[in-house]
Amino acid sequence: MISEPGIREMEESAQGRFSTSASAQLDGASRLLKLADLAEELEAEPAAEEARELAARVSEGRFYVACVGQFKRGKSTLLNALVGHEVVPTGFVPVTAVPTVIRFGEALRARIRMRDGSWRDITMPELKDYVTEELNPENKKRVDGAEVFVPSPLLSSGMCFVDTPGLGSVFTGNTATTQAFIPHIDAALVVVGADPPIAGEELTLVETVGKQVQDLILVINKADRTSDPERAAAAKFTRDILEKRLQRPMGEVFEVSAAERMENRGPLRDWEKLLADLQHLVDDSGRNLVRAACARGLQRLSEQLLAIISEDRDALLRPVEESEHRIELMKKTIGEAERSMRELNYLFMAEQHRISDLFGDRHKQFFGSAWAESETDFNRDLAALPLGFGPHYRQRVMHLAQEIASRRILPWLKPEQEEGERQYRAVATRFVEMGNDFLKQLAGAGLSELTRMPHALDPEKGFRVRSSFVFEKFIGTAEPPSPLRWLADVFLPILGGRKMITNDAREFLHHLLETNSARVQNDVLNRIQESRDRLEVEIRKLLHEVSRIAEQALDRARSIKEEGAPAVQSALERLGRLEQEVSALAAIQ
């Protein structure tokens, strides 16, 4: 946690670095610090901590530009290329597990923040141990975030890049962390591709972020891997669909290759224009983005504190028995929700059987056509293979079978996942409607904090878990380690038995297609089941959080009432004072 004296020092140093036009930022930081004090007085430590964090970045003039896009768009490579250092881990699997802020520093260094609020300095090579999904799956190390300090001129005036879980992999895994970070985003770097262009889940994500921020910079990455017509079509499609969804004009779509820029090769394309646009964001919008972040933070945190004050006051004014009865009603409503979810589970089981049959039929249709087409491809490509040494020939034809099967299976994965998600949303809508209905019932019970919660569950949200599908190549079959197999392959061509090798490869191709297409089907069905399970957990957690808020207010009220009427009066006066101070801080423009 950053101490108030430390932030005061940052304000003073910032005052020396910025002109008098930045006084509004410093005023905003002071208001946030005051709000943090009020939050502590209300024992709302999370709100106090968030207010201090925001005060620190407002006083320093820092604003957050989140890198948004689907897995394998090359977002991490793009961030590395922009700052001129390889600081964010990259790879061929979704890597980001916790929010990683890349900000200016005199020297390259990194630190992580643990769930208890403490910061820990780490070496740059250690960063991947904490922020990657591979080495910190589902954030089991309980890291709250990471910061990387980079001596990059692009970041020297306050702009910070953010690599965020979910935002980076489209709301799959670490969902709560992603959603919690969205209010902190000030602008977004939207990274899309040409093949395929912006996808369904990706579009939903960008639309969500676009409602939060005004400044969206659109980038088509991996320009070296696609043709000019493909990129032109993707750029037009991306701009048109976002303008339709967000109801506002989009700027230019920049075509770049981050990989080429990291290796300092190939044509620049729109790289210089992208850098100029980011610098323009700093020069023309930076201070406004900081002020807007401050205003949003003050509004959001003030609402939280005013809700706590209102609940505490109501608990003091009403008889303890009435509060207890009210909480019992809440628990009864939550119990009804639990029973409804159990009943919905039976309905879901029936739906799951229907979906399983649906994907079984889709699998049969796909396999029938894919096998015929793959066998044709195999026979055609087989003629072009050099004959060579027996074992080497087996290796070539087996690898040919793997290549053909992969060519058929991997493109099919995308439409199957999209159909699976469509089916899931249809089923999940009933759970979401049920959860929101009970939230409305609880809000109607008079708990002031719940006025914002009836739409806390989003019916448009897709899968809550990522795909685990990996194409199985069956290396042991393609390259059999058996010495007897190797010896047999040596003599088969001599004996005119090369056809036996090709027949083995043809059977291997059939096995690859059959097994991997079934694995695609199982992956989709598993994602539907696991996503539905996670949705149920979210609903239960949200409903029980409602009860917890009311119970805490009752506990505080009971303790004060035991001290007598003067203590109650004093507590009410204190709450009145806090309410006035919080409202005043929120009202200042």
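Listed values, structure above:
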{"read-out": "Net charge contributed by nearby residues that have their C-beta within less than 13 Å of Glu260 (K/R +1, D/E -1)", "value": "+1"}
{"read-out": "q = 0.23, 0.24, 0.32 Å⁻¹, segment 264-315: log10 I(q)/I(0) [Debye, one scatterer per Cα]", "value": "-0.85, -0.88, -1.06"}
{"read-out": "Rg and Dmax [Cα atoms of segment 247-349; Å; Rg one decimal, Dmax integer]", "value": "27.1, 75"}
{"read-out": "Segment 524-587: radius of gyration over Cα atoms, expressed as a fraction of 2.2 N^0.38 Å", "value": "1.90"}
{"read-out": "Kirkwood Rh in Å, taken over segment 206-245 so that all alpha-carbon pairs contribute", "value": "11.3"}
{"read-out": "All-pairs Cα distance distribution in segment 187-281, expressed in whole percent, bin size 10 Å", "value": "16, 50, 30, 4"}
{"read-out": "Compactness of segment 247-288 - radius of gyration and Dmax, Cα, Å", "value": "12.9, 38"}
{"read-out": "Convex hull projection area averaged over all views, segment 293-387, Cα basis, nm²", "value": "15.6"}
{"read-out": "Listed peptides 402-411, 349-358 by packing density, highest first (mean Cβ within 10 Å)", "value": "402-411, 349-358"}
{"read-out": "Per-pair calculated FRET efficiency, R0 = 35 Å: His325 and Glu41 via Cβ, rounded to 0.05", "value": "0.75"}
{"read-out": "Gain on full stretching of the segment that runs from Ser369 to Lys244 - 0.36 nm per residue minus C-alpha separation", "value": "41.3 nm"}
{"read-out": "Label point 7 Å beyond Cα of Glu303 along Cβ direction - residues of segment 34-53 with amide nitrogen under 19 Å", "value": "35-36, 39, 44-52"}
{"read-out": "Which listed pairs, of Lys541/Lys561; Lys75/Lys244; Lys34/Lys211; Lys34/Lys140; Lys140/Lys541; Lys332/Lys541, have C-alpha distances above 26 Å, in listed order", "value": "Lys541/Lys561; Lys34/Lys211; Lys34/Lys140"}
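All of the numbers you see were taken from the coordinates with simple rules; none came from a lab. Bear in mind that the values here come from a model prediction, so they are computed numbers and not experimental data. No Cβ is skipped: glycine too gets one built from the backbone with ideal geometry, and neighbour counts run over all protein chains shown.
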